[in-house]
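What follows draws every value from the coordinates through simple rules; no lab data is involved. Everything numeric in this text was worked out from a predicted model, so none of it was measured. Neighbour counts run over all protein chains shown; Cβ positions are idealised from the backbone, glycine included.
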Amino acid sequence: MTQVAAPTFSAEGGNMKIGDKVQVSTTTPGADIYWTASKNGSTPTVCGWKSAVQEKLVINFSSKTSSAVNISVFAAKDGMLHSELRWGLFSVGAADHDFSIGLGSSRVKFSERKEL
C-alpha cells in the first residue's frame, strides 16, 4: 500500500515574530493534514488532533508566548497509509512593526516611534 507524503514546514521551527506565517503542505493530491499543538513539546497538548485541512495548513503566529509551542502534523488519505509524523518547535516574540498593509505584491510596514 502506498504511503501519503509527509507534510513539510516552510520554516522548520525556531524564533518567530507576531504576524509571521508558516505553511505546512503535502505533495499527495487530496490528502488531509491533521495537526495538534503542545507547549514545550509536553503532554497534555494545548489542543487535541484537529480536523483535516486539505493539502495545505497555514500557521499564523498572532500572539506572543513565553514558552515554545510544538506543532505536530501528519497527512492521511483514504486507501493509503498515513504519512510519518512531523513537527516544528516555535517560540514567538514581539513583531518589529505595529501593523502592515499588503499592496499587490508588496507590503508596507508601520511602526510607532516613541520620542525620548
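For the cross-link pairs Lys21/Lys56; Lys17/Lys39; Lys17/Lys56, the ones whose C-alpha atoms lie over 19 Å apart are Lys17/Lys56. Computed from the C-beta positions of Asn60 and Met1 and an R0 of 30 Å, the FRET efficiency is 0.30 to the nearest 0.05. Label-to-label distance for Lys39 and Met80 is 3.6 nm, based on points extended 7 Å past Cα in the beta-carbon direction. Here the gap between Leu89 and Ala11, fully extended at 0.36 nm per residue and compared with their Cα-Cα distance, gives a gain of 27.1 nm.
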